[in-house]
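Quick notes on the structure that follows.
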Amino acid sequence: MKIKSVQLKNFRNYEKLFVQFEEGLNVLVGKNAQGKTNLLESIFLCAIGKSPRTNKDKEMISFHQHLAKVTTTVENHGGKQNIEIFLFDYQKKAIKIGGLPILKMGELMGHLHAVYFSPEELKLVKDSPQERRRFLDISLSQFDKQYFYALSKYNQILSQRNELLKTKQNQIQDTIGIWNEQLAIVGAKIIQFRMDFVEKLSIKASQTQKYLTEEKENLVLSYSGLVGKTTKEIQEKLLKAYKESLEKDLQLGYTTIGPHRDDMKIMLNDIDVRYYGSQGQQRTVALALKLAELEIFKDQTGVYPVLLLDDVLSELDVQRREKLLQYVTRLQTILTCTEFEYTVPCTMFYIQNGKIEKREEQK
Ligand SMILES: Nc1ncnc2c1ncn2[C@@H]1O[C@H](COP(=O)(O)OP(=O)(O)OP(=O)(O)O)[C@@H](O)[C@H]1O
Ligand SMILES: [Mg+2]
């Protein structure tokens with residue numbers, strides 16, 4: 001998969017921009033606060049319909065403007081397609097694919113596969129389980145629309161159950177059974193998807209971790225939640241758990257168990273990297289997870305997704321940096337940095353104050 005071009009209008013600090021990307025490594029160089037991250041953000045927006053940095057679409061519209069537009073031209077299996085996203089400050093965003101409006105966000109998934117990595121991604125390893133669930137949810141939604149729809153449905157049922165727990169305690173005995181059952185059915189599907197994914201991810205991430213650290217670090221991932229051998233078994237376990245947790249849930253006013261509370265455990269050389277890993281190890285693990293995601297995409301679809309790397313070089317030691325730069329030349333990568341002094345084949349772009357200038361290719 002390749003991004004041929006990106007066009008921006010009133011997007012963050014870009015009034016107008018048109019840029020054509022090349023195959024392999026594209027390097028965006030610029031001082032701080034010039035628009036490097038903003039450009040990557042606009043691309044990732046076209047992949048998943050959301051910003052990797054904010055939940056408020058409005059923040060992406062340039063100050064004092066009411067409408068922003070991002071258009072990416074994507075090439076896949078020889079065909080070209082435009083993805084257009086319109087952001088408004090007064091209504092929900094609109095999306096067109098190949099010139100046709102889409103009605104559901106799920107329809108966007110799969111048109112542009114992208115993997116995004118920024119220093120913020122350290123959260124994935126260090127922070128609460130929510131970050132790891134978010135990672136699993138975003139990856140799986142891009143892989144499989146069924147997952148995206150199951151997750152939306154689960155969240156919908158969950159908020160209805162929570163509403164009941166909070167405000168309609170007198171009606172609970174009549175209806176809770178139905179909500180529990182529905183939640184267990186969809187929840188089991190989600191857990192099954194995630195378990196299968198974590199298993200694949202563990203194999204790939206362990207390979208990439210070894211590659212980046214010259215065989216020094218052994219990474220193992222596992223899904224932690226109500227797991228089982230079959231989806232049916234998970235469903236039964238979940239149903240039992242929802243029933244048993246009712247008293248506690250009523251006291252707290254929300255559903256305390258289920259896939260929305262699960263986690264992914266990350267062990268590095270037999271220690272829990274979330275608590276005991278060094279900063280550099282945690283960074284490398286976060287990167288290994290993203291590269292593993294990329295490799296799974298490649299195995300499933302036959303093509304690599306686009307890799308978006310924001311400011312990643314400054315975070316790694318020389319050996320890990322060089323390994324990464326060797327790795328990324330095999331696919332289309334857009335990488336940002338404040339300076340770039342490596343002799344790898346790439347196309348350089350200079351960004352200054354929302355303007356971009358393309359330089360000749362470096363062989
Ligand atoms: N909605 C907006 N409208 C106009 N400008 C914005 C908006 N949101 C952010 N900016 C500005 O865009 C500029 C560039 O931000 P960006 O995060 O892309 O910088 P960067 O080049 O990645 O810098 P760094 O190297 O520090 O990460 C910043 O000065 C920021 O204040
Ligand atoms: Mg930045």
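Considering Glu163, Glu131, Glu181, the condition of being surrounded by fewer than 21 Cβ atoms within 10 Å (Cβ to Cβ) and touching a residue at least 40 places away in the same chain (Cβ under 8 Å) is satisfied by Glu181 alone. Evaluating Phe117 against the criteria (1) in contact (Cβ under 8 Å) with a residue 40 or more places away in the chain; (2) farther than 30 Å from Phe340 by Cβ; (3) of a type in the set (Phe, Trp, Tyr) leaves one unmet condition, (2).
Looking only at residues of segment 246-268 that are modelled with pLDDT of 95 or more and of a type in the set (S, T, N, Q), we find that the one that is nearest to Asp174 (Cα to Cα) is Thr255.
Here's a check for you: in segment 203-222, which residue that is buried (at least 17 other Cβ atoms within 10 Å of the Cβ) and hydroxyl-bearing (Ser, Thr, Tyr) is nearest to Ile266 (Cα to Cα)? Top of the filtered list is Ser206. Considering only residues in segment 18-55 that are β-branched (Val, Ile, Thr) and within 16 Å of ligand 2 (Cβ to nearest atom), the one that is surrounded by the fewest Cβ atoms within 10 Å (Cβ to Cβ) turns out to be Thr54. Taken together, the criteria place Glu215 among residues that are among the acidic types (Asp, Glu) and modelled with pLDDT under 95. The residues in segment 228-240 that are surrounded by fewer than 18 Cβ atoms within 10 Å (Cβ to Cβ) and out of contact with any helix residue (DSSP H, G or I) (no Cβ under 7 Å at 6 or more places or on another chain) can be counted, and the count is 6.
Applying the criterion of being part of a strand (DSSP E or B) and away from ligand 1 (no atom under 16 Å from the Cβ) to the residues of segment 327-350, the residue that is surrounded by the most Cβ atoms within 10 Å (Cβ to Cβ) is Thr333. When Glu15, Glu59 are screened for being over 28 Å from Tyr327 (Cα atoms) and within 16 Å of ligand 2 (Cβ to nearest atom), only Glu59 passes. Contact map, segment 24-50: first residue charged (D, E, K, R) and at pLDDT 95 or above, second residue away from ligand 2 (no atom under 13 Å from the Cβ) and not in a helix (DSSP H, G or I), Cβ cut-off under 6 Å, separation 6 or more or different chains; pairs are Glu41/Ser51.
For the condition modelled with pLDDT of 95 or more, in contact with a strand residue (DSSP E or B) (Cβ under 8 Å, 6 or more places away or on another chain) and surrounded by 16 or more Cβ atoms within 10 Å (Cβ to Cβ), what is the one hit in Gly225, Gly187? Every option except Gly225 fails the conditions.
The values are calculated or read from the model by the stated rules, or taken from the named source; none is laboratory data. Just so you know, these numbers come straight off a predicted model, no measurement behind them. Note that we place each Cβ from the backbone using ideal geometry, even for glycine, and neighbour counts take in every protein chain shown.
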